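**Student:** Quick one: this structure, given as structure tokens, is what I'll be asking you about.
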Amino acid sequence: MAESEPAGLTRVTFVGQGTVLIEMDGVRILTDPVLKRWVGPLRRYGELPEAAVRRHIDVVLISHLHLDHLDTPSLKLLPKSAILIGPPHVSRTVNRVGFKTIVETRRDTALHFGSVEVQAVHASHTRRRWVVSLPTEPLGFIVHGSSTIYFAGDTGLFDGMDDLHERIDLALLPIETWGVRPPEGRHMSPRSAAHALSLLRPRIAVPIHWGTLYVPGSAYAGKQATYAWFQRTRKRPEEFVRLATESAPDVEVRLLEPGQSLLLGPAADAEPQ
């Protein structure tokens, strides 16, 4: 395992979209890596992630097979010694990328990496990469070591969400898609993500899956092409904070811009970085 934060401290970095770097107990875990300027027809807003994000990765978690969560050009940037974990049929997509170890898993399965446990859990989302692809099971993940982190992947609300784990220090919840208002049931909006907090009861929540990817269009802001609706998505984290205060007033919400981090201590105290 690569060197990371000291034992008892966990660093969480929101890289953008569904990509989060979790450094816990000497293990570096990267979720749904999207690291390139383009993802199919979608373009990244803002700066590319720093190169340090993709170095010395021990575990790669893939929640589902959609292009904005399983991007093979981004995976090619990662060390192939990393263990890639994803839902059934993930190897069909990534087997030519070069990872030495690919693990296909299902919900309620736990894997161990040093003192860190990664448990796959249910997610409610569409099940195909392409229209003609084999259906597969979307996943969320609970990463448990000195802290307990719930990475929801891409999901709507679902029955049993309140029973995922008895104690969650940090919930990473999607609040948007890539520019259009998310259909409830397959995604979370700021409102449904705020309701999820009342079910999950984490100490801290960080909204993810917002303000990263857009479809290049005809509206321009200076020299940067962007739709007006994409600019509006950058206001939705504030909407999530407002609604979370109503739904789950005991939960502390931290807003991280892409590239920003927070530190979780043994008692889930968080310091922005």
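**Student:** I need the full set of residues from the stretch 176-195 which are at pLDDT 90 or above, more than 15 Å from F158 (Cβ to Cβ) and surrounded by fewer than 21 Cβ atoms within 10 Å (Cβ to Cβ), in order please.
**Tutor:** In the first step, residues of the stretch 176-195 are kept if they are at pLDDT 90 or above; the result is 190-195.
Of the ones still in play, those that are also more than 15 Å from F158 (Cβ to Cβ) are 190-191, 194.
Once the filter is applied, which keeps residues that are at pLDDT 90 or above, more than 15 Å from F158 (Cβ to Cβ) and surrounded by fewer than 21 Cβ atoms within 10 Å (Cβ to Cβ), the stretch 176-195 yields only R191.
**Student:** Could you tell me which numbered condition Y227 fails, if it satisfies all but one of (1) modelled with pLDDT under 60; (2) under 24 Å from T148 (Cβ atoms); (3) surrounded by 15 or more Cβ atoms within 10 Å (Cβ to Cβ)?
**Tutor:** (2)
**Student:** Continuing with this model, one more query. How do the pairs read when you match residues in the stretch 40-53 that are under 14 Å from P73 (Cβ atoms) with residues anywhere that are of a type in the set (V, I, T), using Cβ under 6 Å and keeping only pairs 6 or more apart or on different chains?
**Tutor:** Between residues of the stretch 40-53 that are under 14 Å from P73 (Cβ atoms) and residues that are of a type in the set (V, I, T), the close pairs are P49/V15.
**Student:** May I pose another question? On the given criteria, is A248 buried (at least 19 other Cβ atoms within 10 Å of the Cβ), modelled with pLDDT of 95 or more, out of contact with any strand residue (DSSP E or B) (no Cβ under 7 Å at 6 or more places or on another chain) and not charged (D, E, K, R)? Give the derivation first.
**Tutor:** On the way: buried (at least 19 other Cβ atoms within 10 Å of the Cβ): yes; modelled with pLDDT of 95 or more: yes; out of contact with any strand residue (DSSP E or B) (no Cβ under 7 Å at 6 or more places or on another chain): yes; not charged (D, E, K, R): yes.
Criteria met by A248.
**Student:** Now, a different point. Check A82, A110, A52 and return the single one that is of a type outside the set (D, E) and within 23 Å of T155 (Cβ to Cβ). If you could, list the steps in order and put the result at the bottom.
**Tutor:** Details: A82 fails: within 23 Å of T155 (Cβ to Cβ); A52 fails: within 23 Å of T155 (Cβ to Cβ).
So the residue among A82, A110, A52 that is of a type outside the set (D, E) and within 23 Å of T155 (Cβ to Cβ) is A110.
**Student:** Evaluate the following for V59: is it modelled with pLDDT of 95 or more and crowded, with 22+ Cβ neighbours inside 10 Å? Steps first, please.
**Tutor:** Values: modelled with pLDDT of 95 or more: yes; crowded, with 22+ Cβ neighbours inside 10 Å: yes.
Yes; evaluated as a whole, the condition is true for this residue.
**Student:** State which residue is surrounded by the fewest Cβ atoms within 10 Å (Cβ to Cβ) when the search covers only the stretch 62-78 and only residues that are touching a Pro at 6+ places or on another chain (Cβ under 7 Å) and not in a loop (DSSP other than H, G, I, E, B).
**Tutor:** S74
**Student:** If only one of I83, I29 is farther than 19 Å from L263 by Cα, of a type outside the set (G, A, S) and touching a Phe, Trp or Tyr at 6+ places or on another chain (Cβ under 9 Å), which one is it?
**Tutor:** That would be I83, the only listed residue that is farther than 19 Å from L263 by Cα, of a type outside the set (G, A, S) and touching a Phe, Trp or Tyr at 6+ places or on another chain (Cβ under 9 Å).
The values are calculated or read from the model by the stated rules, or taken from the named source; none is laboratory data. Just so you know, these numbers come straight off a predicted model, no measurement behind them. Ideal geometry is used to build each Cβ from the backbone, glycine not excepted, and the neighbour counts take in all protein chains shown.
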